[in-house]
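Heads up, the thing below is written out as structure tokens.
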Protein chains: 2
Amino acid sequence: MTQQLDTARRTPLNRERVLQAAVALADEVGFESLSMRRLAEELGVVPMALYKHVANKEGLLDGMVGVIIGGIDPPVRDANWKVAVRLRVLSARRALQRHPWARQAVESRTNKTPAVLDYMDSFTGMFLAGGFSADLTHHVMHAIGGRMWGFTQELFQDAADPQAQPPSEIPADARAAMLQQMAARYPNIVAIATSMSHDDGSVVGHGCDDQFEFEFALDLLLDGFERLQGRGWTSKQAMIGRR
Amino acid sequence: MTQQLDTARRTPLNRERVLQAAVALADEVGFESLSMRRLAEELGVVPMALYKHVANKEGLLDGMVGVIIGGIDPPVRDANWKVAVRLRVLSARRALQRHPWARQAVESRTNKTPAVLDYMDSFTGMFLAGGFSADLTHHVMHAIGGRMWGFTQELFQDAADPQAQPPSEIPADARAAMLQQMAARYPNIVAIATSMSHDDGSVVGHGCDDQFEFEFALDLLLDGFERLQGRGWTSKQAMIGRR
DNA sequence: TCTAGCAGGTATACGGCGTACACCTAATGC
DNA sequence: GCATTAGGTGTACGCCGTATACCTGCTAGA
């Protein structure tokens, strides 16, 4: 009877609610702590109930990625390809950055869902509409790679300040010693890490400006694309040139 | 007594043997099927025995990445930065490609081990030695990102031919129907996918030439770097120009 | 009005995982 | 000769994804 009340009171689950809850839960507890069991608990339901709405965990993740993609703006109309691509990528970046786990989720999906293919197709279309040959567009899409989702291949995050603690946590002399040790072993890394912040006087700096780095690399690529297109680049000619 | 023989006959485990076995096992069964338990079994030992040689699974993976990095050539001497970087990246690519799981492993490591830092430091050094400012080097390292390991952010793999089966598996007419359906929904993707292979007559093509795509994007970046350096680029000036 | 079907939630169970903890044993150093 | 310790063992815990069978209440067709 209480059971009846419970199930009656509760609006029945559906795919949409499951996905929204999954997104919220991942936001809250992190991607790696998102489990079917935990999600079920959050929804006040037994774990197996979820399987009526998603095929399995993979399917859940696919759906979550779909939700995120839904937050990316469509291409702007009547703009030249370069600004259209740029704006779109930055929109994707904003959409993904709303969820700290989004990057991992996108990277982990190897099967392309319709939502992903839709985005990729429309993205591809911006180059074709901009007068790129299918050939060049193809290679350019490869070169953009994950950047079309608005993230870079990191591989760099806080390499030079492994703790990222507020200075108060560590006595200044200990910090200096660590830095010296670091500089002895990894002189080049320390050189570029300190270069970044010598303006504002801090020693090893407050981390990197991700947005700047992202746009730097993006623009480098877009400029490259532009030059290739202007030059009438073809892959055939490139292959001849290479050997 | 047989126990005694067993343990006596067996050369005792050590970190090196554990890591080598882990690499071999991952090669054999795949990254996601590599488990502490399975690895222990392979070594004829109880799972917990491994923990005398690696801190935990994370530590094992760190060690495996270290083994792979060991296979990357040092920078060539007396070459200009561009060819040095290019050769090094291609060497890394070869080293990583010997193990199908290497890419996943590298991407999954978020804590930088000394081996990783060593490689990054020496990589950074190639730009500095080539006359790049610390400032430019910093941003250039970000832009290269994962490509310094010889892989691209994929995001594209077999998007257009989801099965990758030999044509014999699927009747020709069914294939044609699938393609047509695909072309209706994802016209741009299909356009660039078919462009790639129209030379040799196959319909949707044998996948992409990964090596070509990789070098295409790499050279695009390197050319961009070269131009920036020649122009005396600084991040300060770039930030002024941007707003 | 009866009933068959079905959509959606449940209960139980299995086999896997990483690893904490207590233990044993053989070699080593004093 | 004895304590220490490095290396291997055994057991157990709590997590995970999910197969399978089951129940229950709604709906549609007769």
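Values in this text are rule-based calculations from the coordinates and carry no lab data. Given the structure is predicted, the values throughout are model-derived calculations rather than measurements. Neighbour counts run over all protein chains shown; Cβ positions are idealised from the backbone, glycine included.
What the table below lists for this structure:
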quantity	calculated
Under the Karplus curve 6.51 cos²θ - 1.76 cosθ + 1.60, θ = phi - 60°, whole-Hz ³J(HN,Hα) for the range B:174-186, x wherever Gly or Pro sits	5, 4, 4, 5, 4, 4, 5, 4, 4, 5, 5, 8, 10
Copy-to-copy label separations for B:M48, where each label sits 7 Å from Cα toward Cβ, in nm and ascending	3.4
Peptide-level mean, for B:180-190, of C-beta atoms on other protein chains within 10 Å	4
Cα pair distances in the range B:8-65, grouped into 10 Å bins until the bin that holds the longest one, percent each	24, 63, 12, 0
Under the Karplus curve 6.51 cos²θ - 1.76 cosθ + 1.60, θ = phi - 60°, whole-Hz ³J(HN,Hα) for the range A:131-140, x wherever Gly or Pro sits	x, 6, 5, 4, 4, 4, 4, 4, 6, 5
Packing rank of A:137-149, A:78-90, where each peptide gets the mean count of other beta carbons within 10 Å, highest leading	A:137-149, A:78-90
Approximate shape of the range A:17-99 as ellipsoid semi-axes (Cα gyration tensor, √5λ), whole Å, largest first	33, 12, 8
Formal net charge of residues neighbouring A:A92 (Cβ-Cβ distance under 10 Å; K, R +1; D, E -1)	+3
Environment charge of B:V116, counting only residues whose C-beta is closer than 9 Å and scoring Lys/Arg +1, Asp/Glu -1	0
In Hz, Karplus ³J(HN,Hα) per residue of the range A:56-73 (6.51, -1.76, 1.60; θ = phi - 60°; x = Gly, Pro)	5, 5, 3, x, 4, 4, 4, x, 5, 4, x, 4, 5, 4, x, x, 8, 5
Mean separation of Cα contacts under 8 Å (6+ apart) over length of the range B:34-89, as relative contact order %	19 percent
Charge sum, other residues only, whose C-beta stays under 13 Å from B:E226's C-beta, Lys/Arg counted +1 and Asp/Glu -1	+2
